[in-house]
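Have a look at the structure below, then the notes.
The values are calculated or read from the model by the stated rules, or taken from the named source; none is laboratory data. Bear in mind the structure is a predicted one, so any value in this text is a computation, not a measurement. Glycine gets a Cβ as well: all are built from the backbone with ideal geometry, and neighbour counts include every protein chain shown.
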Amino acid sequence: EAQVTQNPRYLITVTGKKLTVTCSQNMNHEYMSWYRQDPGLGLRQIYYSMNVEVTDKGDVPEGYKVSRKEKRNFPLILESPSPNQTSLYFCASSLTSGSLADTQYFGPGTRLTVL
Amino acid sequence: GENVEQHPSTLSVQEGDSAVIKCTYSDSASNYFPWYKQELGKRPQLIIDIRSNVGEKKDQRIAVTLNKTAKHFSLHITETQPEDSAVYFCAASIPDNFNKFYFGSGTKLNVKP
């Protein structure tokens, strides 16, 4: 089954404790992206990757890191989480990153709470 | 960069009525416009999309219209049902900007039985 998976689905942590949220897709998609969703603010892009070893900042990258060592995986790293990073996080992937945009498929989401 | 505005933020309709959600975009280079439905606690899922070379697209009770001159596009849901209740997001994508999606802020649709 074609899908985007994220782990963990729920996480409660404390300020400053490094964490990683994994994202994996089995559709051989080139493009992957991370979003955060906060009430009233919609979906805001954190980082995106156009292919292996190619990543770039989105609209709200501060406090986050990513890596793309393999095509299927795109982990989101919070080196020193703070309470303002409490949010619902979505990973997404799509087939193309070129001039012909394609729809993005979303993972199930990770609800993160930073105390 | 692109700016997508979505209206209304909330919409309440009676079952069987139609619902219309509108989005405007600022960058005339945008050429792909998907609509996502997000049920409570779930992921956004694509319900319909349209490219800039098409003015209208329909899929059963759902349709999207695009007016490139005015830079706006709309989602139309006819014969609404309670299961249509969700948050709907529009988005616009610019071809030269690496498939970046610019999302609207969402519309919470409530269909009353």
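Results for (1) touching a residue at least 60 places away in the same chain (Cβ under 8 Å); (2) polar (S, T, N, Q); (3) away from chain A (no Cβ under 14 Å), shown as yes or no for each residue.
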site: B:Gln60; (1), (2), (3): no, yes, yes
site: B:Lys68; (1), (2), (3): no, no, yes
site: B:Ser74; (1), (2), (3): no, yes, yes
site: B:Cys90; (1), (2), (3): yes, no, no
site: B:Ile94; (1), (2), (3): yes, no, no
site: B:Phe103; (1), (2), (3): yes, no, no
site: B:Gly106; (1), (2), (3): yes, no, no
site: B:Leu109; (1), (2), (3): yes, no, yes
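Mind checking which strands (runs of 3 or more DSSP E) fall wholly inside segment A:75-115 and carry at least 1 residues that are modelled with pLDDT of 95 or more and under 21 Å from A:Val54 (Cβ atoms)? If you could, list the steps in order and put the result at the bottom.
Details: elements: A:76-78, A:87-94, A:110-114.
Hits in segment A:75-115: A:76-78, A:87-94.
Would you mind finding the one in B:Lys100, B:Lys112, B:Lys58 that is over 14 Å from the mean Cα position of the chain (by Cα) and either of a type in the set (Gly, Ala, Ser) or more than 19 Å from A:Leu43 (Cβ to Cβ) (or both)? Before the answer, list the steps.
Numbers: B:Lys100 fails: either of a type in the set (Gly, Ala, Ser) or more than 19 Å from A:Leu43 (Cβ to Cβ) (or both); B:Lys58 fails: over 14 Å from the mean Cα position of the chain (by Cα).
Being over 14 Å from the mean Cα position of the chain (by Cα) and either of a type in the set (Gly, Ala, Ser) or more than 19 Å from A:Leu43 (Cβ to Cβ) (or both) holds for just one of B:Lys100, B:Lys112, B:Lys58, which is B:Lys112.
Restricting to segment A:62-95, and then to whatever is in contact (Cβ under 8 Å) with a residue 60 or more places away in the chain, surrounded by 15 or more Cβ atoms within 10 Å (Cβ to Cβ) and hydroxyl-bearing (Ser, Thr, Tyr), can you tell me which residue is nearest to the other protein chains (Cβ to nearest Cβ)? I'd like the intermediate steps shown before the answer.
Restricting attention to segment A:62-95, the residues satisfying the condition of being in contact (Cβ under 8 Å) with a residue 60 or more places away in the chain are A:78-83, A:89-95.
Next, only the ones that are surrounded by 15 or more Cβ atoms within 10 Å (Cβ to Cβ) stay: A:78, A:81, A:89-95.
Now narrow it down to the ones that are hydroxyl-bearing (Ser, Thr, Tyr): A:89, A:93-94.
On the way: A:Tyr89: 11, A:Ser93: 10, A:Ser94: 6 Å.
So, considering only residues that are in contact (Cβ under 8 Å) with a residue 60 or more places away in the chain, surrounded by 15 or more Cβ atoms within 10 Å (Cβ to Cβ) and hydroxyl-bearing (Ser, Thr, Tyr), the one nearest to the other protein chains (Cβ to nearest Cβ) is A:Ser94.
Of everything in segment B:32-80, what is polar (S, T, N, Q) and in contact with a Phe, Trp or Tyr (Cβ under 8 Å, 6 or more places away or on another chain)? Give them in sequence order.
Let us first name the residues in segment B:32-80 that are polar (S, T, N, Q), namely B:38, B:45, B:52-53, B:60, B:65, B:67, B:69, B:74, B:78, B:80.
Those that are polar (S, T, N, Q) and in contact with a Phe, Trp or Tyr (Cβ under 8 Å, 6 or more places away or on another chain): B:Gln38, B:Gln45, B:Ser52, B:Thr65, B:Asn67.
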